[in-house]
Structure formats: C-alpha cells, structure tokens
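One structure, pasted below without further comment.
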Amino acid sequence: MKHYALCVITFFLIVLSYHNSLAQPLSIALEQLLEQGKTLYAQQEYAKATEKFNQLIEKGKEEKDNYLLGSIYYQLGVFYDTKRNHNKALEFLFKGSKLIEGRFHTLRSNSLSSEKETFLEKEKALNSQDSQLKAYIYTRIGGVYYNQKDYSKAEKYWKTAYWIAKKNHHTKALSNILNNLGEIKRLTGHLNAALPLYKKALEIKQMIKDTFGTSVNLSNIGTVYLKMGHLDSAKMFYDKNFSLPKNSKFPRIAISHYSDYGLYHKTIGQAFIASQWYNKALVYADTLGDLNIILSIYQDLSALYEEQSKLDSCLLFQKKWIDLTQVINQQQNEKLALEIEARFRINEKEKELTFLKEKNNIEMQNNRLKDYFQWASIIGLFSILIFTLLILRLRNKNNEGLTLNMAKINQQNEEKDILLKEIHHRVKNNLQVITSLLSLQSYNIEDPKMKVLFSNSQYRINSMAMIHEMLYQSNDFSKINYNSYLKQLIDKLVISIKGVEHQIQVNIDVPDLFLNIDTAIPLGLLINEVTTNSLKYGIVDQTPGTLSIKMKMLDPPNFLLEIGDDGIGFTTDLSAQKHHSLGLNLIKQLAVQLNGTILKDDKKKGTNYILHFQEVDQMA
C-alpha cells in the first residue's frame with residue numbers, strides 16, 4: 001500500500017519545474033495570452049483554450065527568438081503536465097528542447113571543428129541562459145516519465161539535467177534532481193543506493209536553508225530506513241523533520257509529518273497511536289482538497305483497521321475509497337469526453353474556414369467572368385468566339401469543381417464515421433479500464449458482500465462496454481443487432497458465474513432486431529440483472545438449469561420481452577430477498593426508463609418476468 005510521505009516527490013517536481021526565474025520572462029502580452037488559455041482550460045472551454053495557446057505560439061514565432069519560443073513551449077509543457085495530460089506535455093517539452101539544440105547548430109553552422117571538439121563547442125555555444133532552460137526542460141520531461149512510471153527514461157533525463165545544473169552551479173536544482181534520482185532508486189528496490197542520494201540532497205538543502213526541501217528529504221530518508229528495518233534511524237529522521245518550523249504555505253508537509261508517524265507506529269505495532277496520526281493527516285488533506293492524497297490516506301486507514309480486525313471501520317474506509325475512486329474516474333471520463341468534443345469542434349471550424357475560402361475563390365472567378373462578358377459584348381463577332389471558348393472553359397471548371405466537392409463531401413463523411421468509431425472505441429476502452437480497476441481492487445477485499453458488489457458492478461459495466469464495442473465494429477453507429485448482442489452477453493455471464501463446464505441450457509428466441517443505443521443500454525442492463533440473479537440465486541451451485549429469453553416486436557414502437565429461469569424461485573422468507581433488493585430496484589428503474597412495465601410471471605417454474613417496453617426516441 002502506497003504511503004503518502006513517498007508521494008511528496010511528485011509535488012516536489014512540480015515546484016522545481018514551475019520555477020519561472022528564467023533569464024528572459026514572457027512579455028505582458030504573451031503572459032496575458034498564457035493566463036487566458038489557462039483560465040479557459042479551467043472552465044473546460046478546451047477549444048478556446050487551444051486557440052489562445054496557438055496564438056501564444058504564433059506570437060512567439062513572430063519574435064524570431066528560439067529561446068523565447070522554447071520558454072513558451074516549456075510553460076505549456078508544465079501546464080499540461082499539471083493537468084495530467086502527459087502526451088501533450090511531452091509534445092511541447094520536446095519542442096522546447098529541440099529549439100535549444102537548434103540554437104547550438106545555428107551558432108556552429110560555419111564552424112569547421114573536428115568531432116572531438118563537438119562536445120566542448122556545444123557547451124560553449126549553449127550559454128548559461130540556454131543551459132538553465134534546458135535543465136528545466138529535461139527535469140520536467142523526467143517528471144512526466146516518472147508520473148507515467150517509466151522510471152528508466154525518467155532517470156535518463158534527470159541525470160542529463162544533473163550534469164547541466166552541476167556545470168552551471170545551479171545549487172537548488174542539483175539538490176532537487178538528487179532527491180528525484182534517490183526516489184528512482186527507492187522505487188526500483190535499490191534502498192542502499194537511494195540513501196546517499198537523499199543525504200547529499202539533504203546536505204545541499206540545509207546549506208541553502210531550504211526548509212521545504214529539507215523536510216522532503218528528511219521524510220524520504222526516514223521512510224527508507226523504516227523499509228530497511230532500521231527503526232531507530234527512521235524515528236530519528238522523522239523527529240528531525242517534525243521539529244522543523246511549520247509553514248502554512250506548504251500544508252502537504254504537515255500531512256507528510258503525520259503520515260510518517262502513522263507509518264512508524266503501525267510498523268512497531270502501536271496501531272491505536274498510528275490511527276490517531278493518520279486521522280490528523282486526513283483532517284489536513286480534507287482542508288487541502290486534494291482527492292489523490294485523501295484516497296491514499298483512506299487506504300492507509302483501511303489497512304490499519306483490517307490488521308486490528310476492526311471490520312466496521314475497515315469497511316467504512318473501503319467504501320469511502322470506492323466512492324472517491326468513482327468520483328475521480330467520473331471526472332476523468334467527463335474531461336476526456338469534453339476534450340474529444342473540443343477536438344471535433346476545432347476540426348469542424350477548420351472545415352468551415354476551408355469552405356469559406358473556396359466560396360470566396362468561386363465568387364472571385366464569377367466576378368472575372370462578368371468582366372469577360374462585358375468585353376465580349378463590345379468586341380463583336382470575335383468576342384462571340386471568345387465567349388464560346390469561355391463557356392467551354394467554365395463548364396470544365398464547374399465539372400472539376402463538382403468532382404472536387406463530391407470528393408470533399410465523401411472525405412468529410414468518412415472522417416465523421418472515423419470520429420464516431422473512435423468515440424465508441426474510447427468509451428469501450430474506458431469502461432474496460434474501470435472494470436479492470438474494480439477487478440484488481442476486489443483482490444484486496446475479503447468481505448464476501450463487498451466482492452459481490454464489485455462483481456455485479458463489473459457485469460453491469462461489461463454489458464454497456466459490449467454495446468459500444470459492437471457499434472464501433474459495425475457500419476451503422478446508431479443501432480446494434482440485439483440477437484447477436486444477447487448471445488454474447490448471456491454466454492459471457494454464464495461462463496463468468498458458472499464456469500466453462502456449466503450445466504446451463506440457454507434458449508434465446510429473438511429475431512434480428514436492431515435497437516438504438518438509448519434503448520440497447522438500459523435493456524442490456526435489465527437483462528444483465530435478471531440473468532445474474534438467475535445464475536446466482538435461481539439455479540444454485542452447479543445444478544442443471546435453463547435460461548429462457550424471448551423477445552418480439554409488437555405494434556411500433558412497442559416490444560415484448562419474456563425472460564427467466566426454471567430454478568428454485570424466490571423464497572417466502574423476505575429477509576432472504578435482501579440479496580436481490582438492489583438488483584430488483586435497478587430492474588424496476590430500468591423498466592421505467594424504457595417507458596415500460598415489468599411483472600413477475602408466477603405461472604411458470606422458477607423466476608420469470610414479462611416486460612412490455614418501447615424503443616426510446618433518441619431525439620426526445
């Protein structure tokens with residue numbers, strides 16, 4: 001389980017990379033464009049934010065100063081990294097790095113130096129200003145790779161940044177990078193190699209009187225000693241860290257203090273004291289409002305209470321962890337959807353501008369034709385010949401124009417289909433990622449009830465993911481073949497719940513019906529719930545049984561669905577139905593969403609339902 005004190009490095013990287021004391025700060029006009037873009041991005045106006053950033057880059061290019069433009073790319077890379085858009089961050093950071101290298105090649109373009117002198121010449125060409133910016137860029141690139149858990153690349157760029165900073169005597173940058181390299185060694189299991197790096201960084205931090213950096217290194221050293229089993233050394237460094245003056249500007253340091261002591265007392269078996277420290281850390285984290293920090297402390301407390309066999313408290317923090325994880329995932333999915341929509345709008349706007357340019361060209365051609373006609377009326381017989389030739393020429397141009405327009409229309413339709421296909425594909429992938437996260441988390445849960453909740457959630461999400469998968473695999477992105485969908489869904493549920501060697505007979509009597517996505521998803525969830533209940537509670541254990549699904553279309557837009565099993569049915573003991581209460585409530589709500597009614601068919605053996613529903617109008 002991840003201890004919060006070891007997460008301080010990520011914030012430490014942000015502090016270093018956001019260091020803006022560059023030799024050439026942005027002008028007021030450029031700074032305003034940057035801030036306007038950031039504000040629009042925070043308001044989720046991604047298309048408008050991108051326009052502002054593009055204007056900023058164009059203004060930088062107009063100055064014809066590679067260092068200035070490199071600084072702009074660096075600022076944008078830092079911004080996107082803080083927004084966890086790592087690919088976009090790397091794109092801008094590498095552009096900035098390439099520009100600084102380009103300054104070197106420009107300066108030596110007329111040089112005839114040998115290959116042996118290349119390195120020294122390069123260092124001379126890159127002055128202190130260039131080297132400082134390059135160190136910032138390389139440090140930030142390493143930070144992005146660190147956040148992506150690509151520790152090999154992170155170490156590579158941090159080592160390069162270290163030598164640049166050492167050559168130019170950037171003392172604070174040196175200590176930061178040493179701490180980062182120590183973090184890489186710790187994460188890769190080389191604790192003995194991490195300690196000297198952390199201690200060297202601590203020595204520099206104390207020398208330059210950097211209280212914040214000193215606190216980070218003391219915490220990291222203490223935690224490494226704790227992992228190595230050197231409890232006295234760990235306690236000594238934790239105490240030194242706690243004795244530092246508190247600074248309200250860095251509330252994360254207070255959280256680190258409390259989390260350090262929580263981990264220490266947990267390690268030495270003082271669970272009650274550990275829980276007190278963790279709860280203090282949680283109070284600060286709630287005030288700070290950082291969801292990822294709160295999530296980490298929830299995990300620490302849940303594990304602590306589990307070791308104490310305090311199951312109620314353990315389950316409470318497990319539930320808080322699950323709820324908060326869902327909130328974070330929902331925010332990320334909403335952000336992804338907005339970014340996709342923004343890119344789509346930008347493409348549409350570019351197409352509109354292209355269309356307007358073409359329209360303007362056509363109007364200009366028409367104006368020229370008018371001039372030709374005026375001259376033709378004056379010249380006489382000779383002008384008639386010219387007029388005839390012009391008509392022929394115009395006809396050819398119109399034919400070419402029609403051909404081009406048809407090709408563009410076809411291309412736009414293909415691009416639209418590709419975009420829709422990509423959206424369905426990404427939604428399906430996101431749902432599968434959520435399912436995988438739930439599956440991984442369920443391995444750490446011992447409570448059977450919690451495991452059932454997790455597995456039921458996986459089945460529901462899978463039923464929706466299958467619809468998006470079938471949509472992007474088909475030529476029609478608005479409807480799916482429900483016969484094919486049901487066969488795949490029921491087959492997956494039976495194998496998931498009963499295993500490969502099951503004794504379940506499935507009877508599906510469904511014609512080739514094509515339903516839109518607004519109908520397919522709630523209907524699929526309803527069928528998923530009924531089938532899951534049948535396999536878990538109707539046909540118990542490995543006893544033979546039959547699942548039946550019959551569906552037909554009545555007068556449009558009405559449909560009839562008959563679904564059930566020949567199992568043991570509901571018991572008369574109402575308390576036994578508590579296992580079904582969530583599923584039954586969900587079934588009823590989904591029936592209402594489908595403008596339908598659902599009844600239990602008591603005439604048949606087992607548990608059977610009759611659903612009358614309507615296809616949902618997508619334009620409603």
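The values are calculated or read from the model by the stated rules, or taken from the named source; none is laboratory data. Bear in mind that the values here come from a model prediction, so they are computed numbers and not experimental data. Note that each Cβ is placed from the backbone with ideal geometry, even for glycine, and that neighbours are counted across all protein chains shown.
Return a yes/no flag: does segment 76-91 have any residue that is at pLDDT 85 or above and either part of a loop (DSSP other than H, G, I, E, B) or touching a strand residue (DSSP E or B) at 6+ places or on another chain (Cβ under 9 Å) (or both).
Yes, segment 76-91 has at least one match.
Within segment 476-485, is there a residue that is crowded, with 20+ Cβ neighbours inside 10 Å and assigned to a helix (DSSP H, G or I)?
Yes, the conditions are met somewhere in segment 476-485.
Among the residues of segment 129-174, count how many are assigned to a helix (DSSP H, G or I) and either among the small types (Gly, Ala, Ser) or over 20 Å from residue 80 (Cβ atoms) (or both).
Result for segment 129-174: 25.
With the condition being at pLDDT 80 or above, I'd like the helices (runs of 4 or more DSSP H) fully within segment 1-67 carrying at least 3 qualifying residues. Reasoning before the result, please.
Working: elements: 8-17, 28-42, 46-62.
Correct list: 28-42, 46-62.
Among the residues of segment 249-280, write down those that are crowded, with 22+ Cβ neighbours inside 10 Å, aromatic (Phe, Trp, Tyr) and either more than 15 Å from residue 239 (Cβ to Cβ) or in contact (Cβ under 8 Å) with a residue 60 or more places away in the chain (or both).
Within segment 249-280, 278 is the sole residue that qualifies.
Among the candidates 497, 549, which residue alone is touching a residue at least 40 places away in the same chain (Cβ under 8 Å) and either crowded, with 17+ Cβ neighbours inside 10 Å or of a type in the set (Asp, Glu) (or both)?
One residue alone meets the criteria, 549.
Based on what the data block shows, is residue 436 under 30 Å from residue 313 (Cβ atoms), assigned to a helix (DSSP H, G or I), small (Gly, Ala, Ser) and at pLDDT below 75?
yes
Which residues, taken from segment 178-221, are in contact (Cβ under 8 Å) with a residue 60 or more places away in the chain, under 22 Å from residue 135 (Cα atoms), buried (at least 21 other Cβ atoms within 10 Å of the Cβ) and not acidic (Asp, Glu)?
Selection gives 179, 180, 213, 216.
Matching residues to (1) within 35 Å of the chain's Cα centre (by Cα); (2) at pLDDT below 90; (3) of a type in the set (A, V, I, L, M):
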| position | (1), (2), (3) |
| --- | --- |
| 152 | yes, no, no |
| 155 | yes, no, no |
| 166 | no, yes, no |
| 180 | yes, no, no |
| 203 | no, no, no |
| 210 | yes, yes, no |
| 220 | yes, no, no |
| 245 | no, yes, no |
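Follow-up question, since we're still on this one. So which residues in segment 453-488 are in contact (Cβ under 8 Å) with a residue 40 or more places away in the chain, hydrophobic (A, V, I, L, M, F, W, C) and over 17 Å from residue 429 (Cα atoms)?
480, 486
I need the full set of residues from segment 281-292 which are of a type in the set (D, E, K, R) and surrounded by 13 or more Cβ atoms within 10 Å (Cβ to Cβ), in order please.
290
Could you check residue 565 against (1) crowded, with 17+ Cβ neighbours inside 10 Å; (2) at pLDDT below 95; (3) of a type in the set (D, E, K, R) and say which number it fails?
(2)
Quickly run through segment 437-464 and pick out the residues that are over 21 Å from residue 489 (Cβ atoms) and not hydroxyl-bearing (Ser, Thr, Tyr).
437, 440, 441, 444, 445, 446, 447, 448, 449, 450, 451
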